[in-house]
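Down below is the structure, laid out as structure tokens.
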Number of protein chains: 2
Amino acid sequence: MGLIWLAIAGGVIALLYGFVTSRQVLASAPGNPRMQEIAGAIQEGARAYLGRQYRTIAIVGVVIAVLVGVFLTWTSALGFVVGALLSGAAGFIGMNISVKANVRTAEAARTSLQRGLTVAFQSGAITGMLVAGLGLLSITLFFWYLTGPAGEAPDSRAVIDALVALAFGASLISIFARLGGGIFTKAADVGADLVGKVEAGIPEDDPRNPAVIADNVGDNVGDCAGMAADLFETYVVTLGVTMVSIALLVDANAAELMRLMSLPLVVGAVCILTSIIGTYFVRLGRGGSIMGALYKGFWTTTLLSVPAIWLVSTLTLGDLGAVIGGGQTPLIEVPANDPFAASAEAFAAPTVAGAGFTGWDLVLSMMIGLAVTGLLVWITEYYTGTAYRPVKSIARASETGHGTNVIQGLAVSLEATALPTLVIVVAVIGAYQLAGVIGIAFAATSMLALAGMVVALDAYGPVTDNAGGIAEMAGLEDEVRVRTDALDAVGNTTKAVTKGYAIGSAGLAALVLFGAYTTDLTEFFPDLNVDFSLSNPYVIVGLLLGALLPYLFGAMGMTAVGRAAGAVVEEVRGQFRDNPGIMEGTSRPNYARTVDLVTRAAIREMIVPSLLPVLAPIVVYFAITLVAGQENGFAALGALLLGVIVSGLFVALSMTSGGGAWDNAKKYIEDGNHGGKGSEAHKAAVTGDTVGDPYKDTAGPAVNPMIKITNIVALLLLAALAG
Amino acid sequence: MGLIWLAIAGGVIALLYGFVTSRQVLASAPGNPRMQEIAGAIQEGARAYLGRQYRTIAIVGVVIAVLVGVFLTWTSALGFVVGALLSGAAGFIGMNISVKANVRTAEAARTSLQRGLTVAFQSGAITGMLVAGLGLLSITLFFWYLTGPAGEAPDSRAVIDALVALAFGASLISIFARLGGGIFTKAADVGADLVGKVEAGIPEDDPRNPAVIADNVGDNVGDCAGMAADLFETYVVTLGVTMVSIALLVDANAAELMRLMSLPLVVGAVCILTSIIGTYFVRLGRGGSIMGALYKGFWTTTLLSVPAIWLVSTLTLGDLGAVIGGGQTPLIEVPANDPFAASAEAFAAPTVAGAGFTGWDLVLSMMIGLAVTGLLVWITEYYTGTAYRPVKSIARASETGHGTNVIQGLAVSLEATALPTLVIVVAVIGAYQLAGVIGIAFAATSMLALAGMVVALDAYGPVTDNAGGIAEMAGLEDEVRVRTDALDAVGNTTKAVTKGYAIGSAGLAALVLFGAYTTDLTEFFPDLNVDFSLSNPYVIVGLLLGALLPYLFGAMGMTAVGRAAGAVVEEVRGQFRDNPGIMEGTSRPNYARTVDLVTRAAIREMIVPSLLPVLAPIVVYFAITLVAGQENGFAALGALLLGVIVSGLFVALSMTSGGGAWDNAKKYIEDGNHGGKGSEAHKAAVTGDTVGDPYKDTAGPAVNPMIKITNIVALLLLAALAG
């Protein structure tokens, strides 16, 4: 129980950090009345959107909670509700900080770049620690309740199902929030740009544009609330599935099991501490590099996490050299083809063939996770930063027109998938050689343990974006806008970083989820002999159908943005036509009507694509079972789970990196390269940026929760069919 | 032996058709001296390019032929050389007809639309029948030589390896031809458009543009020669792998085996006849619909093929109701999970559990192949035709600018993968339930049996494109250009059709190739116990690495086009600067220098991406074997083969359909919708078209031979490791 309290303490510290830091942020000057008025409009719009979004999701959520209760257990339904509520809360609180920090960042940027950076980053850090803290508390307290007051064994079905249901609740909210928020933010952004910048010839964030408030609201509901819900989901699913796979796979006594299952929680707790320490290292150096300042925080956290993870592992497991789960049923039961044996031959690995793993194996697997996080950050920086070949090549291609800009951007998107894939492949091999599927699970856990810091870097972005908008609309000094633009450019990269990180961890988590699926299958249906071999055509069918999901989902997301943006264009054109005073600056546009329009459009458009990953596994299972029997139905369903990650990884990585690169190619030109603002190259770069918008902020990031939902629904379906 | 002569007769008839029809085409009027001069320049450029391309490929080819000879057998090396030479020949002859038919089509279009259509389609049909005829003859004669004069048993290793090597030769040429030609055509096209249409403001195909001849050369070397080599490859690989899998899987006496292995050849032969008959039905109806005229030919061929295939199957197999290969080793050895049994339970299928298949099962599988072809044509028409929602939605999105055009185009690309995937999935299930992997192989065979007609529809496109160019450059009457434009718009759809068809058949063929891989593996390494289960992480690693290949390959192709197009822009700008007389029309630009520049660029850029699929399987096998032992090396390699198809199918389908839709959205606007030519919507549509160019004509179509090469190299690697 001591370990559990350590984990709870970590979560409470995160919330305390959030509380204290938010007092600091709120204590800084909120700017002049005009700034406050604008910020008020953004707050109002954001709250109105989120309120309506949550009410819509609540309807779906209640239906599903009842279904979970009826088909599984009411404890599972409780888990679902807790996951859903806290995922929503993470987004809601994060957004509430963000809409108050934006105007304070603008005001702080009047003093200095460092002041602006501090306020914006503090606001991001609050969201980051809330995501990690709430995520950790939700699993820890739920696990404590189940194994303590409710008296369940840690590897009992009740605990496993309830943890899966908790993850499902988080995922379901998160796909709606990511997609709804993503559609909102990009419909408003694209619509505002098209009719403002292109047609009316007014600059970005000009107060005469009736879509300008909607655009700024979008940053908060999409890039902040949606992202926070998404990362909350990733956190809960990753830690949850690590615990579930320990319960399913490791054959040890209850005390051992309890310690092992607490390890992910304790690691999460200690990394909240290293993340909080890291935030205090975010400071401009002599070079004045903003990215450098943020990286100081990130690298401090990562490096401190190495000894910290080792320390808590020793604390939790005792002797790291002792073999754990000696009698463990290895997930991969292929004795003649034992990977441990192979690795033992090749490298004389520390684990003995088939004899479980040691604490050291887990610690090293977690080091692999930290290395993956570092490498993914570095690769994303390379593909989306203005200092490197990819972004420069897009900027150069802009000189020959819109077409070549987009061609080069697409080439960069496709290419950007290569290095992350290789990193993930090497990590899978390494962690698996160390401790099998449990090793992969712990690698994913240590990746997510850094979520507090990674989300902080990301959530900082929309705040600076908003600050720039407020500076523009309130007519602040030009240097303020220059500073917020500098802060914002870095935000493009950090936003891409989080997405690459989330999808990369999903690549690892999906393997663990598949492991849970196959184990559940043998447990629930011991008489079935499901053939997951690639020689089984139903496996191929499942892979193809799974691979299709991200494409179909991406198509829906892109179309939704296009359609909603078109509606914004019509609305804005209408306001300009009906009220000529707007363009003359004599009369105020009706911001609220545009916000309301985008709200309704986004909520309408998010429903169908979000239900796709919920329904697809169910439909595929029943269709194939009908045609080819239940064994092939389960084989196709299992293959679908891997098909969706095999294809989703590439779709998501290409979209998020490509989108970030397009955005920064535009910024690179705006910095005076290739003719600068207003040149033909700049126009081409604006086109690329517009194309990249729904790529990186709508379709791409929503693939991450989509993959998880598909997997979790499959697990729940199994449990329901067995029950 | 009688069956073999039937197949040879079919091939000879195809060549005769080509000979007779080319006399007809050449007999039609070649136009005025100015037209002939332009056509001469295109011919010269095309021949110069193809000559240099073939010389470059020859170097690679000789090296690989020697390697095949040394590591396998010299009979296999002979097969490789035959495949390579004939693949090259199919491209070369097709292109030679095309560059003579273009000017004659232009001249014929002066008389009437019907005359223009006839000449252009006849030229396409010559290429189509040559592809099918040469493909059929190459396999048939080689098979005859091996099983006759060389005295090998039909299922001997010598025959199997030689057929695989033949396919390899065809594939290797075809990837170079597809990619080199694709880079040439799109670099010239994009470069000419950027500097001509956009910068200098002169229309497409204006003779003052120094890149205009290169652009027209590109249509011939890319869309004609490259496409013909690609489809030749698809034909040879599909029929070859069907024969190989019969030899590997069906346990029957030599006479039975001989008959069964001849069936794909005889089906190929009879469908050449139905294709030739179909060509005579291509005629404008009262409505004057060009697409309708082409479809009359296609549907006639497809419908005639139904009884024709039944007839030759009866002729070849005798009693269609008799069970073949009763003692067959089913590829999928999962008795407890037997799909035949499952299907028998569900539908009381005609085959008895585990007891082989009947002639009827094969006939029905081939009907499935015909149905897939028809459905893919219909789906492609829907996604790329100007009459339907997708193209119209892109055209409408063009009204709000370049960005929304590209967003909607990308959305359509992603969406366009869904229906073809579902069709392929249903076909796989259906054919497999009928006759296992052999059923899938025969479904693919009947798809390819229609190649003569499908290639005819495609090869017609570049001829009309060129005819339009010649009409413009020679200053012919406006109505001629209107007619050639009408012919050309349909060409966009038929070109997309062929690519969807090729990649769809690759989806089926890849499963058969994987079957051959696993069977070879058990035969060569009976002591290994390779685990292809999705639970094996090395399988996941293989799937991920395989899925990466089309992305990396696509990135290289897109970048190559961007870079080469940039060089064209520089060259053309230089010519305009150095010789102001060009724009005034007083002096002739140096066309040859641009052609030479694009030639060198295309050949330089094609090498590395083409070697990717050759080297990747070898590298992955050795890397994983080193880390995790040979069994996991083979598991990862096998998974790589399926990863490349699972991801390649989507990449190729989205690129080719999306590209076609963008192109036709532009044509739809040029037809007077959304403001017509010169409007802002038109400019946005031109951007979309430019983006779609390398998508649909460079990166997308080259994925098809890439998938095949990866698979074939794996088979050869197995044979080499065993030998």
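Quick note: the coordinates plus some simple rules give every number you see, no bench work behind them. What you see is a predicted model, and the numbers here were worked out from it, not measured in a lab. Glycine gets a Cβ as well: all are built from the backbone with ideal geometry, and neighbour counts include every protein chain shown.
Kirkwood radius and radius of gyration were both taken over the C-alpha atoms of the range B:240-317, and their ratio Rg/Rh is 1.19.
Taking the longest Cα principal axis of chain A as reference, the axis of helix A:113-147 is set at about 30 degrees. Across all Cα atoms of the range B:608-723, the radius of gyration (one decimal) and Dmax (whole number) stand at 20.6, 67 Å.
Which of A:G79, B:I407, A:N209 sits farthest toward the positive end of the charge dipole of the protein assembly as shown, with +1 on the Cβ of Lys and Arg and -1 on the Cβ of Asp and Glu? Checked the options; the winner is A:N209. Across the range A:395-444, the volume of the C-alpha convex hull divided among the residues equals 70 Å³ per residue. With the convex hull of the Cα atoms taken as the outline of the range A:680-723, the averaged projected area works out to 3.0 nm².
Inter-chain Cβ neighbour count for A:630-636, averaged per residue, equals 3 (cutoff 10 Å, partner chain atoms only).
Principal axis analysis of the Cα atoms in chain B yields extents of 77, 56, 48 Å, listed in decreasing size. The other copies place their B:G585 label points at 4.9 nm from this one, listed shortest first, where each point is 7 Å from Cα along Cα→Cβ.
Across the identical copies, the 7 Å label point of A:R604, projected outward along Cα→Cβ, sits 5.3 nm from its counterparts, in ascending order. Residue by residue, the range A:414-422 carries 3J(HN,Hα) couplings of 5, 5, 5, 7, 5, 5, x, 4, 4 Hz when phi is fed to the Karplus relation 6.51 cos²θ - 1.76 cosθ + 1.60 (θ = phi - 60°); x denotes Gly or Pro.
Under 5 Å between amide hydrogens, built in the peptide plane, is the criterion, and for B:I324 it picks out B:F357, B:T358, B:G359 among residues at least 5 positions away or on other chains.
Label-point spacing for B:G321 across the identical copies (point 7 Å from Cα in the Cβ direction), in nm and ascending order: 7.7. Counted by Cβ distance under 15 Å from B:A167, the other residues give a net charge of -3, where Lys and Arg count +1 and Asp and Glu count -1.
The magnitude of the dipole of the range A:567-611, with charges of +1 and -1 set on the Cβ of Lys/Arg and Asp/Glu and taken from the Cα centre, is near 60 debye. Within the range A:435-583, the percentage of alpha carbon pairs spaced more than 23 angstrom apart rounds to 66%. In this simple spin-label model, placing a label point 7 Å from the Cα along the Cα-to-Cβ direction at both A:F71 and A:A153 gives a separation of 2.7 nm. Dipole magnitude for chain A: computed about the Cα centre from +1 point charges on Lys and Arg Cβ and -1 point charges on Asp and Glu Cβ, it is near 1280 debye. Taking a straight line from the alpha carbon of B:K666, these lysines sit under 21 Å away, with near neighbours fewer than eight places off in the same chain left out: A:K683, B:K186, B:K197, B:K392, B:K495, B:K499, B:K677, B:K683, B:K696.
Considering only B:G94, B:T111, B:G133, the residue lying farthest towards the positive end of the dipole of chain B is B:T111, judged by Cα position with unit charges set on Cβ. Just going by the charge dipole of the range A:474-546, with Lys and Arg at +1 and Asp and Glu at -1 on Cβ, which of A:V482, A:G546, A:L513 is farthest out on the positive end? Result: A:V482. Expressed as a whole percent, the proportion of Cα-Cα pairs in the range A:118-163 lying more than 14 Å apart is 58%.
In this Cβ point-charge picture (+1 for Lys and Arg, -1 for Asp and Glu), the range A:84-200 has a dipole of about 420 debye about its Cα centre. Partner aspartates and glutamates whose Cα lies under 16 Å from the Cα of B:K708, excluding those fewer than 8 positions away in the same chain, are identified as B:D161, B:D230, B:E233. Computed from the C-alpha gyration tensor, the three semi-axes of the ellipsoid equivalent to the range A:102-221 are 43, 21, 7 Å, from longest to shortest. All alpha carbon pair distances within the range B:14-85 were sorted into 5 Å bins beginning at 0; the resulting P(r) in whole percents reads 4, 13, 12, 12, 13, 14, 12, 9, 6, 4, 1, 0.
With all projection directions averaged, the alpha carbon convex hull of the range A:1-123 covers 9.9 nm². Taking the helices alone, chain A has a mean residue ellipticity at 222 nm of -28500 deg cm²/dmol, built from -39,500 (n - 2.57) per DSSP H run of at least 4 residues and averaged over all its residues. Between the beta carbons of B:A27 and B:W5, assuming R0 = 35 Å, the FRET efficiency works out to 0.65 to the nearest 0.05. Computed across the protein assembly as shown, the Kirkwood radius stands at 32.3 Å (inverse of mean 1/r, all Cα pairs).
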